[in-house]
Amino acid sequence: MVAGMTQSHPRISKAVIPAAGLGTRFLPATKATPKEMLPVVDKPAIQYVVEEAVSAGLDDVLMITGRNKRPLEDHFDRNYELESALQKKGDADRLAKVQESSDLATMHYVRQGDPKGLGHAVLCAAPHVGHEPFAVLLGDDLIDPRDPLLARMVEVQEQRGGSVIALMEVAPEQIHLYGCAAVEATEEGDLVKVTGLVEKPDAADAPSNYAIIGRYVLDPHIFDILRKTEPGRGGEIQLTDALQQLAADEKVGGPVHGVVFKGRRYDTGDRGDYLRAIVRLACEREDLGPDFRAWLRSYVAEEM
Ligand code: G1P
């Protein structure tokens with residue numbers, strides 16, 4: 001039990017990771033491989049996300065999967081054949097790497113039969129989550145572990161209740177790619193009160209340039225709202241629309257706050273950004289970085 005907390009306010013321990021998407025932007029790579037398994041340097045993108053949840057203290061992870069997502073379950077499970085082969089070879093380093101992902105968290109899986117949108121995916125978590133606040137992490141957004149975001153969001157939720165979303169200021173011409181929040185300042189510099197939300201507005205209609213990035217700490221009342229949320233943008237049940245209701249009516253599970261993130265975020269859902277993420281992370285790696293940076297410098301000098 002964390003100091004200052006009461007029994008009626010259990011520590012947030014559950015993370016939900018929607019991973020049922022088809023990954024069409026990466027075809028044909030994602031024809032038979034889930035997009036979440038695409039490597040970012042030498043780890044599948046999804047492992048970074050699970051590691052982030054664990055380092056914020058959430059070690060009960062529920063993945064919302066779908067057909068063709070078996071490799072996700074295998075990745076976070078033991079692989080005895082591989083482990084014993086590495087053991088026989090005495091390859092302790094690689095053995096540790098193989099075991100790392102299966103020792104990380106307590107993993108659970110549920111399938112989203114029909115892909116009816118992010119709100120619907122989150123609703124699939126209701127039986128597992130029950131009546132506690134919980135986190136949602138979207139796999140396309142990687143947050144650099146040096147800039148912890150989720151731990152701060154959990155802290156805000158524990159102090160203020162309700163729900164907490166992650167926001168980032170983006171250029172006005174980018175806002176149509178995100179959920180967008182109307183906000184009011186609070187007395188804390190990195191924290192805003194969310195007064196309204198709209199999913200992927202046109203720049204002209206956007207209430208601000210605060211974009212929702214894929215991290216949420218949600219009050220469980222969101223499930224009651226999601227059950228009644230009609231399909232919205234793109235004909236899908238939108239999490240943003242359900243959150244808008246929480247923001248609009250504080251009596252039902254509100255308020256909604258936003259933590260404004262200014263750290264390093266990598267979008268692996270877009271091919272260009274995915275490549276940039278790999279290059280940046282590879283450059284910063286102690287083992288690969290020095291050689292890779294030297295090669296990159298000469299490559300750029302030749303190409304430009
Ligand atoms: C989802 C959400 C959107 C949010 C975005 C963050 O959209 O619906 O509100 O801004 O994630 O990555 P998607 O990118 O899945 O279309």
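Observations on the structure shown:
- For the chain, a simple Cβ point-charge model (Lys and Arg +1, Asp and Glu -1, everything else neutral) yields a dipole of about 620 debye relative to the Cα centre.
- Other residues whose C-beta falls under 11 angstrom from the C-beta of Asp140 contribute a net charge of -2, scoring Lys and Arg +1 and Asp and Glu -1.
- If you sort the three axes of the alpha carbon gyration tensor as a ≥ b ≥ c, you get a/c of 1.5 or more for the range 1-158 and a/b no higher than b/c, which makes it oblate.
- Global form of the chain, assessed from the alpha-carbon gyration tensor, a/c cut-off 1.5: prolate
- Ellipsoid equivalent to the range 131-171 - semi-axes via the Cα gyration tensor, in Å: 20, 12, 11
- Environment charge of Arg152, counting only residues whose C-beta is closer than 13 Å and scoring Lys/Arg +1, Asp/Glu -1: -3
- Split the accessible area of the range 201-243 by element, probe 1.4 Å, and carbon with sulfur accounts for 42%.
- Kirkwood-type hydrodynamic radius, the range 243-303: 15.1 Å, calculated from all non-identical alpha-carbon pairs.
- Percent antiparallel among DSSP beta bridges (both partners in the chain, rounded to 5): 60
- Computed over the Cα atoms of the range 147-233, the ratio of the radius of gyration to the Kirkwood radius (Rg/Rh) comes to 0.97.
- Building the convex hull from the alpha-carbon atoms of the range 33-76 and averaging its projection over directions returns 3.2 nm².
- Most mobile listed residue (Leu72, Leu27, Leu149) in the chain, GNM with C-alpha springs under 10 Å: Leu27
- Mean residue ellipticity (222 nm) of the chain, computed from DSSP H runs ≥ 4 via -39,500 (n - 2.57), nearest 500: -10000 deg cm²/dmol
- Placing +1 on the Cβ of every Lys and Arg and -1 on the Cβ of every Asp and Glu, with no other charges, gives the range 35-137 a dipole of roughly 440 debye about its Cα centre.
- Computed E for Leu22/Ala185 - FRET, C-beta separation, R0 35 angstrom, nearest 0.05: 0.35
- Since only Ile212, Ala92, Gly196 are under comparison, the one whose Cα sits farthest along the positive direction of the charge dipole of the chain, derived from C-beta charges on Lys, Arg, Asp and Glu, is Ala92.
- Here the range 168-304 has an Rg and Dmax of 19.2, 61 Å, counting Cα atoms alone.
- At most 10 other Cβ within 10 Å, DSSP loop - GluC sites (Glu not before Pro), the range 160-221: Glu187
- Loop GluC sites (Glu not before Pro), the range 226-304 (other Cβ atoms within 10 Å of the site Cβ: 14 or fewer; DSSP): Glu250, Glu286
- Solvent exposure, largest accessible area first (probe 1.4 Å, DNA, RNA and ligands not counted), of Ser102, Ser55, Ser298: Ser55, Ser298, Ser102
- Cross-link reach list, lysines versus Lys200, counting only Cα pairs under 30 Å and skipping chain neighbours closer than eight places: Lys14, Lys31, Lys35, Lys69, Lys116, Lys228, Lys251, Lys262
- Kirkwood Rh, Cα atoms: Rg over Rh of the range 8-83: 1.02
The values are calculated or read from the model by the stated rules, or taken from the named source; none is laboratory data. Note that the coordinates shown come from a computational prediction; the quantities given were computed from them, not determined experimentally. Because the Cβ atoms are built from the backbone with ideal geometry, glycine has one as well, and the counts that use them run over all protein chains shown. Heads up: the accessible areas ignore ligands, DNA and RNA and are worked out on the full protein's heavy atoms, side chains in. Shrake-Rupley method; radii C 1.70, N 1.55, O 1.52, S 1.80 Å.
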